[in-house]
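*Asks:* Mind having a look at this structure? Questions to follow.
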């Protein structure tokens, strides 16, 4: 351990606690205390030697040596209070007082000690305070003025040293003042070197943070131009930092988000702290040239302290911290979708309960009521015709309940992925005509023309014949149900390539554009104006949609409100089951479009221009 390190440790032990954790302040306190303590100790050590050479000292000499206790007291004051500027002010007063005392007794302004007044403001300059330096300068000038005044008034003791003694004293005063000033210069240089080292270390620390932190730090003008941006931007956006300077970053902001981006910077330049989210165009690493995508970025910006950094300027600058929040945005979107799905499920449950309360209660009431009347036939004196009518009504209500339960069970199997396709060869034309014949009576009762176009040369297809009939029956029954009296329903089949195309169109009430997006959802019944005029569970089209998906087919619904609806089903002629079928496979969404205005003309052409049509008129 060197002597300097021992002295440094001793000084650190004397420092005030407020200066121990600030490197620059610690260096200033050391520079203040070290020369004063060492100077006082040297002076006290030289005092016996001075007595041996000089003899008995005079009162002035004793007072001068006693005055050397002042630096020790100043060091103690600084170590106890930590008031650096106050210690410099007291030091200037002590030094000026000592110089005045020696100068007054040794010739006034012509004394060898008067030159030491130059040292007073130089010593105060180490405080790095303009107020302390100005006070020390005024104090030195005041002492010069007082020495001149004392000399003019003749208050200086009449001591006339010889020319040789005067020269020696003057040389001693100049040399000692020069040495002290040199010490001050070295102290100032040491403090400056310490300040530069601390500044360089601090800058290197900030550079290290800017290079390694994932957040992007940037500095902007009020108009959004980038003056500095950290290297993290290269990893975030996939391009060099130099391309983001100026308006390079602004050019990569999504057009829709640029007003919010500029508004946040403008508000921050006026003194506000703002946070804004916007999209930035990014070029993925390894992507093809020109391929870009957008990421979500959160930017927090605040005004830069211009007065402390660069003085008063006309325009405030803004410092911003940007962070990639794309993952957070995706989580929010997933949460919104989950919330929407939950709301849709809740609405579906409500629709299910409302529909089932009607579809189950009405036939059950009929079954219970008519069965009670048959049980009391003797009391009511029912005839054979009435009993037969009631039995038929009970049977019809039971069949309706059975169809409702079967529809719910089929839908549940399809939703859970447990519905199995049993493929086998069958004739689609015969199945299509059979279904239309079953619904012909219902069409005649409703005053609707049911037109069937089934070419004789339809090939045999491989699939589930029961599912095929269920598709046709549900679609044709829906078309008849929602077609007004005097309208028509057309059913056609054709082969295109390896697919069988079924088209069921009607001239009914149609479906509104807003309801088209929800067509096929379980228990959904479109149109408030007519949904209560027709019975049903809302499962028909949903079952069709799921059956078509299980057959790896395609469903297209076209409709226009007030003109009619056309449903097109494309099924493969040969069903090939998928190699791997997920346990939770759901029905795929069908393609939904809007019907063109020429639907009625197409139906008219089909009725009159094609001889293969089978028309079951009312």
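All of the numbers you see were taken from the coordinates with simple rules; none came from a lab. What you see is a predicted model, and the numbers here were worked out from it, not measured in a lab. In this analysis, Cβ positions are derived from the backbone assuming ideal geometry, glycine residues included, and neighbour counts consider all displayed protein chains.
*Asks:* Listed highest first by mean packing, meaning other Cβ atoms within 10 Å per residue, what order do 568-575, 34-41, 496-503 come in?
*Replies:* Values: 568-575: 18.4, 34-41: 16.8, 496-503: 15.2.
Listed from highest to lowest mean packing, they are 568-575, 34-41, 496-503.
*Asks:* Cut-off is 10 Å between beta-carbons; in what order do 180, 261 appear when sorted fewest neighbours first? Provide the component values of the computation, followed by the final result.
*Replies:* Numbers: 180 18, 261 22.
If I rank by nearby Cβ atoms, fewest first, I get 180, 261.
*Asks:* Quick one: Debye curve from the alpha-carbon atoms of region 3-207 only, equal weights, vacuum; give me log10 I(q)/I(0) at q = 0.11 Å⁻¹ to two decimals.
*Replies:* Rounded to two decimals, the profile gives -0.59.
*Asks:* For labels at residue 275 and residue 199 in the simple 7 Å Cα→Cβ model, what's the distance in nm?
*Replies:* So the two model labels end up 3.5 nm from each other.
*Asks:* Also, quick follow-up: Per residue, what volume in Å³ does the Cα convex hull of region 465-516 take up? Write out the running numbers ahead of the final one.
*Replies:* Details: hull volume 5.5 nm³, N = 52.
It comes to 106 Å³ per residue, whole-number rounded.
*Asks:* Can I ask one more? In square nanometres, what is one fourth of the surface area of the convex hull spanned by the alpha carbons of region 161-236? Could the numbers behind the result be given before it?
*Replies:* Numbers: hull surface 35.4 nm².
Averaged projected area of region 161-236's Cα convex hull equals 8.9 nm².
*Asks:* With 22 Å as the cut-off, how large is the P(r) tail for region 16-99, expressed as percent of Cα-Cα pairs?
*Replies:* Tail of the P(r) past 22 Å holds 34 percent of the pairs.
*Asks:* Would you order 482, 135, 426 from fewest to most other beta-carbon atoms within 10 Å of each residue's own beta-carbon?
*Replies:* Values: 482 23, 135 20, 426 17.
Listed from fewest to most nearby Cβ atoms, that is 426, 135, 482.
*Asks:* What whole-number distance in Å separates the alpha-carbon centres of region 429-497 and region 82-138?
*Replies:* Here the answer is 115 Å between Cα centres.
*Asks:* Turning to a different aspect of this structure: What is the diffusion coefficient of region 90-184 in µm²/s, taking the Kirkwood radius over Cα pairs and the Stokes-Einstein relation at 37 °C with a viscosity of 0.692 mPa s? Intermediate results must be reported in sequence, preceding the final value.
*Replies:* Values: Rh = 13.7 Å.
The calculation lands on 239 µm²/s.
*Asks:* Let me ask something additional. Sort 254, 29, 551 by Cβ crowding within 10 Å, fewest neighbours at the top. Before the final figure, lay out each step's value.
*Replies:* Numbers: 254 15, 29 25, 551 21.
Listed from fewest to most nearby Cβ atoms, that is 254, 551, 29.
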